Each structure stands twice: as structure tokens, then as C-alpha cells.
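The values are calculated or read from the model by the stated rules, or taken from the named source; none is laboratory data. Just so you know, these numbers come straight off a predicted model, no measurement behind them. Note that we place each Cβ from the backbone using ideal geometry, even for glycine, and neighbour counts take in every protein chain shown.
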Amino acid sequence: MLWDTGLASPYRRPVREALARHVDLEVRLLEIDRRPERDASANRGRDWAVGDGAGYSLGEIRAVRLARHEARHYTLIGFPRRRPDSILLGGWESPADWQFLLLAKLTGVRTVGFYESTLQTSTLQTQLHVGGPIGWMRRRFFNALDAVVVPGPAARQAILSLGVDPGRIELGFNAVDGRIIHGAARRKRAANGVPRADGHHFVYVGELIERKGVDLLIGAFAAMREDGDTLTVFGTGALEDDLRRTAVRRGVADAVTFASYVLNEDIPAALADKHTLVFPSRQEVWGLVVNEALAAGLHVVVSDVAGATPFVTGMRGVFTAPPFMSTIASGMRASRDAWDGPVEAPEILDYGPEELADVFLRALAPEAGSMDIMDIMDTMDEAAAPPHTVIVEDNVTGHRLYYVRILADAAVREDRRVSVVLPAAHREREEIALHLSELDERIELRYVSDPEIADTARLSYELRADLTVVPDADRMAATVGLRHAWRGRGTLSLLIMRDVGQPSRLPGVQTAKTLLRSALFVSASSVGNVRVSVLKPSGWAGRSILPTASDPVTLTAGTDDVLATAAAWGVEPGRYWFAVLGAIAPRKNVGLIARALTGITERPIGLLIAGLIEPQARLEIDREIERLSASGVRVVMVDRLLTGLELDSAVTFADCVVLAHSNEGPSGLFGKAAAAGTRIVAAGAASLRHDAAEAGDGADWVPLTEQSLAEALRAASMKPRPPASGTPAVDRFVTALL
């Protein structure tokens, strides 16, 4: 068997030695680093130098190397001298990987890939390449292999997302020689009488680069440190000087020790006198030092984006935390409070090189494998929680919580867990009691502070979201588009309420706003793991450069409900009733509507104003209503939040719903009125003009002037009731966002 890999990584040596005890193994390196300790920026010591393989052949295949930052890419200029029975490919990005794959296919050699990336690392590091030609090449590569070995459930989920047949995936883990580490750490403690009890001693081992999050660790340590606590940082990297300055700036330089690179063979001694390893990575394929620390009996505070996290969660001494300063500090406090000595017989010892070698054997030569690790991991998968959908809404006014309730109920019907996140400052608002009462027990209602709700990425980590939905997301979509990044967990689904700019008195300004919004929204939609949908009226059939979500339309009122509501409000029969409904703000121009109605004398009419009226609109409304009533028009005003049943009843018994809006954006009332067979007079917003054109004879649009509106309202009062537009529906809205 041939194992193709880049460098002679020391942490793979025990697995290769275990594999060589079962098969004739050749390990071929694409690069030999004979003096790795000379390259301080690479965080490698002499243990990365090529030595002799114990029980297997170790050598080099000639290749040309192209290195950029952490990435290394190779092109073969030499090939193996003998044909193997199977080949293990440790990557897919290099031309060399494709050369090996092609050679294997031409010669009938079994091919197995080792894929360590998770959905978090594969999308965060290559967001621009989820789709397009590079994404296509990745899918083609792994679907061409005979089998793929993945370390843990997170990597398995990622490889499944590439369309690989589950039957060709071997589920394993990443392994270190835990028994040797455990024994060496115990001997060190026995000899030195450690770990010390003069405080809690934290340790970090790894590179000093941005994605490792060491800056977060130092800040967290400063926030939770108590007398006697220390932090030791083993490693080198480009940020070492910056991190030393950070320790000084945060006032913990006296308690933070920066040590040099620690050799693989010295890891047990380095960890033996420490209590807790902290591994705060912002992105991490696995994190083998987590295995090493657990094997040494330490506690571990590990970022929940690390590939190792799903595998070690539940083991004694493991504390998971999203990669934020406050959450890491909380995990460190919890570890310190729970510490009562090194963990005896840690669970990680059951997952060593021999067990991982069996997984590789099953993939490379199916008849050779013996350990049934799949049974263990399948049990972990079955015990996993259902997908978690988080719905974040920072504005509880108007129809927004109506959308939230529709989405939450739909997600529960799909067997998802649901968290609805709202601002704590609005906890007592009537809208919440109205729309979010009697929730399914699988829906959690959570209140957070304004800064927390604004940090949606952090919320997605704290709640371990698989899908985060923002139903009023214009501002957030613009931010994502500007940064061209989503740094949260899982998928982000954004609903654009207004895809055009608001009107302006200055010529060209609205067009410029629209173009800018469109550019930002398109940019956001191209970010990996981000979906952007534009809200459009129910039944809309126009064109959009982005996917659309139809405004959900529900009508819950029956005939008895309609009659009862009309009677309770004093809506007299025998009049033609115009209605202004919902949250009533100055932008709905109720005063203008009242003035336009004063000239209608052809038949008795009435005006129903029902919904919570904003204070700044109330003064004008009161003044105009007095004049309107004096002209013989019957006015009914219900100034409060309406229940869904009341709103649907009002839409149904009204003869004409008036929508005279100064601002742009779809109107949910337009869809309800059309579905109920209630005539619509719209004015002002260009979006309403488009909606009226789509609605046909049941709706008219006019400019937002008193004369135009008066003529349209008079004409409407002379027309028969239009037919209903069809059955109300929410499916297209739910499908777009969930």
C-alpha cells in the first residue's frame, strides 16, 4: 500500500507504524524538510525531519512545490517505482493528487482519500470555491475515489455534502499514541510531584497565527484570571510579538509565559504540570493537541468549530466554547472550578493508532479490517440532536413576528429544534404575546441584549445553529455583502424586505440607492453558506436578480368571525367601507386618505382605521377625522394591536383596503386583500404600482396626491367586489427561508 503525503508529520508516525504491522506499507513524501527547525515561522522542530520508518518504507517522490502562506501545492515529476495494490491520498488540492488519481485509475489501483475538513473549515477557508469550477473539481475528485476515510462526524457531514455515497465513507477519528503520552505524563508527575496547587495552570500548544485564536485566549485569561493562575504558550508564529504586546496591554504579562516550539516527544512533559489545555481556534480541521492533552489527563477547553469537538464532547474534562473571548473565559472558569486532579483512565485512550489503522485497512483493503468503529460512531450520530434553526428578529413591530411564527411552526413540522431570539428590551411588548403565545414545546423563546442580538455570528455559535434565519435582514445583508463573509456557524438565510431604495426628492438618488443595495445583496448571496431571498407579493410573477420569497398570506377568519368583529366595532351595513389597517405610521398617509374621501357624495361611505397608531401619526389623524365626520362620513377607529383573527376579519368585511404608502416595500395586506376578494386602492410606492399591475382589475394604483387618490377612491366605490385571487399560501415563503 502506498501512502502519499506532503511532509513527514510526526503525529502520523504511530498510525503508519500500526498500519505497517498489517500490510507492506510505503510512505512517499512530496517534500523532505531536512532542517525544519531553521524555519521558525513554520512552527516545526527537528521531529518533522525525515527519519527511518519503523516497519515501513519511507522515501521521497520528486515533485515541484509551490507554497503560499499555510498552503503547499505539489506537481509530480517522478512516480512510484512499483505498482501498489491501493493508494491513500492525503489531499485533493495539489496537481500531484490528481496525477496519483489518474495513474491509479489507469492501472486499476484502489484509491482511498483522507478528508479532514468540516463544513466550517471547508466553507470558511474556501468560501469563493464552494461552487464554480473549483467546487466542481473537489466534488469530482472525491466521487471518483473508491473510499474516503473521515475523522469524526463533522468531517463526515462535510464529505456527504459533496455528494459522496455514504456506503463509501469509512468513519474514524484522528489519533495520537495516547497510551504512551498517558504513561509518560504520569511518570513525570510521580517524579516531580506535579501538577502544582498554587493556582490553576492553563496551557496552549500550537502555531501563533490568527486562525488559532491565541489573542482570544489571552483576553479570556485576563478576564477570568485569579491569584496564582498562569498561562503557558508553547509555539512560534508570525503573531508572537503582537501576542506578547497583548499580554502586556491586558496586564497579564507577569502570568503569561511564551515558550518555544515543543517537540512531539516532549509533549507529555510539557503538559504534565498543567491543568487545562485551551484550544480556541477560529477555524480548525481537527486539533490533535486536544487528544494529547486528554491522554495526559488534562482538562480541555476546546473551540466548538474544531473538528475534534464532536468526537471528544462528553468525555470527562472537556468543556466546549464558541471562539469568542467571553465564552472561552467562561469555559476556563468552568474547568478551574471543576478541577480535582488529573483524569484517570481518560476515554481518549480507547482511540489510538491501532484502532485508526483498522479504519484505514477497511478502506484500503476491505477484507483486512477488523474493528467495528462504525457501530460506535453510528451510536454517536443517532444520539445527536436534530438540526437547530435559530430565528433572529430585532424588530418586533408590524408584521415581523407574524413571519417569525410562520417560520418557527414550519421548522418544527420538519422535526427541527427552534430558537427564536428577540431583544430583551422588548420582552413586554404586546406583539410578542399576540404572535408568539402557545408555542410548541420544541420552540425556545430567548431574549438577549441589543449588542448580542446584533452579533448574529456569535449567537449562531453559542446556540450551535445549523441554520440562522433573519426575517428582516436588509441591514445585515448589506454588511455581509460589504465584508463578503459570514463568520457564523452553519447556514445564514436572509430575507430582504426592500430591494429598492427609498424615494428621494433629489433626482437620481433613489436609483443610486437601489443600485448600491442590489450590488451589496448580490455580493452577500455569493458568500458561501449564505442564502439571500427578496420578499415579493404573493403571486408575484416578475423578474429578480435574486431568489424570491412570496409574502405569506393567511386568512383565518370564518364568516361568523367576520360578522362578529364588524358588529363589535360598529361597522354598519349599508355603507361602502374603506379600511386602513395594521401598524399605522405617518408613512401610511391616513390624513391624506381622509381628505380625499370628503368629496365622495354618490353613496354612504365609512372609514375604518384599525391597528396600533403611532403617536406622531395620531395628531393629524384626529384632526382630519373630525373634518371627515362633519362631512357625513362614518369613521370607526380601533387604536390598538389587532389579533390575527381581527385583522383577517377586517380585511374580509371591508369593501376597499387603502394602501397609500410613502415608502417602498411589499405589503402583506395587499396579499390578504387580494386573497379575500377585497378591492385595493394603492398610491405612492412604486412597489405597490407593480403589485397593482400584477393583481389585475381588483387593484388600482395612483400617484400620492389628494386629487389622484380622491378620483381613485370614488371610482372604487362604484365598482363591484372583485373575485378572490386564490387560496392563501405560505409554502413559497417557508421554502425560500428554511
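Criterion first (out of contact with any helix residue (DSSP H, G or I) (no Cβ under 9 Å at 6 or more places or on another chain), assigned to a loop (DSSP other than H, G, I, E, B) and among the small types (Gly, Ala, Ser)) does Gly632 satisfy it? Break it down stepwise before answering.
Numbers: out of contact with any helix residue (DSSP H, G or I) (no Cβ under 9 Å at 6 or more places or on another chain): yes; assigned to a loop (DSSP other than H, G, I, E, B): yes; among the small types (Gly, Ala, Ser): yes.
Considered against the rule, which asks whether it is out of contact with any helix residue (DSSP H, G or I) (no Cβ under 9 Å at 6 or more places or on another chain), assigned to a loop (DSSP other than H, G, I, E, B) and among the small types (Gly, Ala, Ser), Gly632 comes out as yes.
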Exercise for the section: Restricting attention to the stretch 643-672, report how many residues are within 26 Å of Asp474 (Cα to Cα) and not in a strand (DSSP E or B). Expected result: 12
Problem - Failed item, numbered, when Ala184 is tested on (1) surrounded by fewer than 21 Cβ atoms within 10 Å (Cβ to Cβ); (2) assigned by TED's automatic domain parsing to the domain that holds Ala329; (3) under 37 Å from the mean Cα position of the chain (by Cα) - result: (3)
Practice task
Please find, within the stretch 259-299, the residue that is surrounded by the fewest Cβ atoms within 10 Å (Cβ to Cβ) out of those that are touching a helix residue (DSSP H, G or I) at 6+ places or on another chain (Cβ under 6 Å) and in a strand (DSSP E or B).
Solution key: Thr276
Exercise for the section: With the condition kept exactly as written, say whether any residue in the stretch 352-374 is modelled with pLDDT of 90 or more and either outside the structural domain of His22 (by TED's automatic domain parsing) or surrounded by fewer than 21 Cβ atoms within 10 Å (Cβ to Cβ) (or both). Expected result: no
Handout entry: Breaking point among (1) modelled with pLDDT of 55 or more; (2) within 42 Å of the chain's Cα centre (by Cα); (3) within 22 Å of Asn174 (Cα to Cα), for Ala49
Key = (1)
Practice task
Being among the small types (Gly, Ala, Ser) and touching a Phe, Trp or Tyr at 6+ places or on another chain (Cβ under 8 Å) is the filter; apply it to the stretch 602-635 and report the residue that is surrounded by the fewest Cβ atoms within 10 Å (Cβ to Cβ).
Solution key: Gly606
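From Ala154, Ala184, grab the single residue that is touching a Gly at 6+ places or on another chain (Cβ under 9 Å), in a helix (DSSP H, G or I), within 26 Å of Glu355 (Cα to Cα) and not β-branched (Val, Ile, Thr).
Details: Ala184 fails: touching a Gly at 6+ places or on another chain (Cβ under 9 Å).
So the residue among Ala154, Ala184 that is touching a Gly at 6+ places or on another chain (Cβ under 9 Å), in a helix (DSSP H, G or I), within 26 Å of Glu355 (Cα to Cα) and not β-branched (Val, Ile, Thr) is Ala154.
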Problem - Cβ pairs under 8 Å, 6+ apart, first in the stretch 419-431 and closer than 14 Å to Pro471 by Cα, second in a helix (DSSP H, G or I) - result: Val420/Val404; Val420/Ala408; Val421/Ile453; Val421/Leu459; Leu422/Ile432; Leu422/Ile453
Exercise for the section: Output the number of the condition that Ile328 fails; it satisfies all remaining conditions of (1) more than 22 Å from the chain's Cα centre (by Cα); (2) crowded, with 24+ Cβ neighbours inside 10 Å. Expected result: (1)
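Could we say that Asp215 is out of contact with any Pro (no Cβ under 8 Å at 6 or more places or on another chain), more than 18 Å from Ala306 (Cβ to Cβ) and in the same structural domain as Ala269 (by TED's automatic domain parsing) here? Working first, answer last.
On the way: out of contact with any Pro (no Cβ under 8 Å at 6 or more places or on another chain): yes; more than 18 Å from Ala306 (Cβ to Cβ): no; in the same structural domain as Ala269 (by TED's automatic domain parsing): yes.
No, not satisfied.
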Problem - Flag for Ala191 being at pLDDT below 95 and surrounded by fewer than 18 Cβ atoms within 10 Å (Cβ to Cβ) - result: yes
Handout entry: Members of the stretch 708-729 found to be surrounded by fewer than 19 Cβ atoms within 10 Å (Cβ to Cβ) and either farther than 25 Å from Thr601 by Cβ or touching a residue at least 60 places away in the same chain (Cβ under 8 Å) (or both), listed by number
Key = Arg714, Met718, Arg721, Pro723, Ala724, Gly726, Thr727, Pro728, Ala729
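Kindly indicate which of Leu263, Leu239 is over 26 Å from Ala190 (Cα atoms) and either touching an Asp or Glu at 6+ places or on another chain (Cβ under 8 Å) or at pLDDT below 95 (or both).
Details: Leu263 fails: over 26 Å from Ala190 (Cα atoms).
The conditions single out Leu239.
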Handout entry: Qualifying positions in the stretch 414-427 - assigned to a helix (DSSP H, G or I) and either loosely packed, with under 12 Cβ neighbours inside 10 Å or in contact with a strand residue (DSSP E or B) (Cβ under 7 Å, 6 or more places away or on another chain) (or both)
Key = Ala424
Practice task
Quick one: Ala247 ticks every box in (1) at pLDDT below 95; (2) in a helix (DSSP H, G or I); (3) surrounded by 19 or more Cβ atoms within 10 Å (Cβ to Cβ); (4) touching a helix residue (DSSP H, G or I) at 6+ places or on another chain (Cβ under 9 Å) except a single one, so which number is it?
Solution key: (1)
Fill in the blank from the handout: Going through the stretch 704-728 in order, the residues found to be farther than 22 Å from Phe653 by Cβ and out of contact with any Lys or Arg (no Cβ under 9 Å at 6 or more places or on another chain) are Leu704, Thr705, Gln707, Ser708, Glu711
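Taking the stretch 638-686 as the region of interest, how many residues are touching a Pro at 6+ places or on another chain (Cβ under 9 Å), under 23 Å from Arg714 (Cα atoms) and charged (D, E, K, R)?
Number satisfying all stated conditions: 2.
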Completion exercise
the stretch 518-598: strands (runs of 3 or more DSSP E) wholly inside it with 2 or more residues that are touching a residue at least 40 places away in the same chain (Cβ under 8 Å) and touching a Cys at 6+ places or on another chain (Cβ under 8 Å) are 576-581
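Taking the stretch 452-481 only, how many residues are free of Cβ contacts under 8 Å to residues at least 60 places away in the same chain, over 24 Å from Met325 (Cβ atoms) and touching a helix residue (DSSP H, G or I) at 6+ places or on another chain (Cβ under 7 Å)? Steps first, answer last, please.
Step one: list which residues in the stretch 452-481 are free of Cβ contacts under 8 Å to residues at least 60 places away in the same chain, which gives 452, 455, 457, 473-481.
Right, trim to over 24 Å from Met325 (Cβ atoms) and you get 473-475, 477-478, 481.
Now restrict to residues that are touching a helix residue (DSSP H, G or I) at 6+ places or on another chain (Cβ under 7 Å): 477-478, 481.
Residues that pass the stated criteria total 3.
Yes/no per residue for (1) within 39 Å of the chain's Cα centre (by Cα); (2) within 27 Å of Ser708 (Cα to Cα); (3) not acidic (Asp, Glu):
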{"position": "Leu555", "(1), (2), (3)": "yes, no, yes"}
{"position": "Asp560", "(1), (2), (3)": "no, no, no"}
{"position": "Leu563", "(1), (2), (3)": "no, no, yes"}
{"position": "Leu581", "(1), (2), (3)": "yes, yes, yes"}
{"position": "Gly591", "(1), (2), (3)": "no, yes, yes"}
{"position": "Ala594", "(1), (2), (3)": "no, yes, yes"}
{"position": "Val633", "(1), (2), (3)": "no, yes, yes"}
Exercise for the section: Look through Val657, Val638 and report the one residue that is under 27 Å from Thr601 (Cα atoms), crowded, with 24+ Cβ neighbours inside 10 Å and outside the structural domain of Glu430 (by TED's automatic domain parsing). Expected result: Val657
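Would you check which residues across the stretch 508-517 are without any contact (Cβ under 8 Å) to a residue 40 or more places away in the chain and closer than 14 Å to Asp474 by Cβ and list them? If you could, list the steps in order and put the result at the bottom.
Applying the first criterion (without any contact (Cβ under 8 Å) to a residue 40 or more places away in the chain) to the stretch 508-517 yields 508-516.
Lys513, Thr514, Leu516, listed by residue number.
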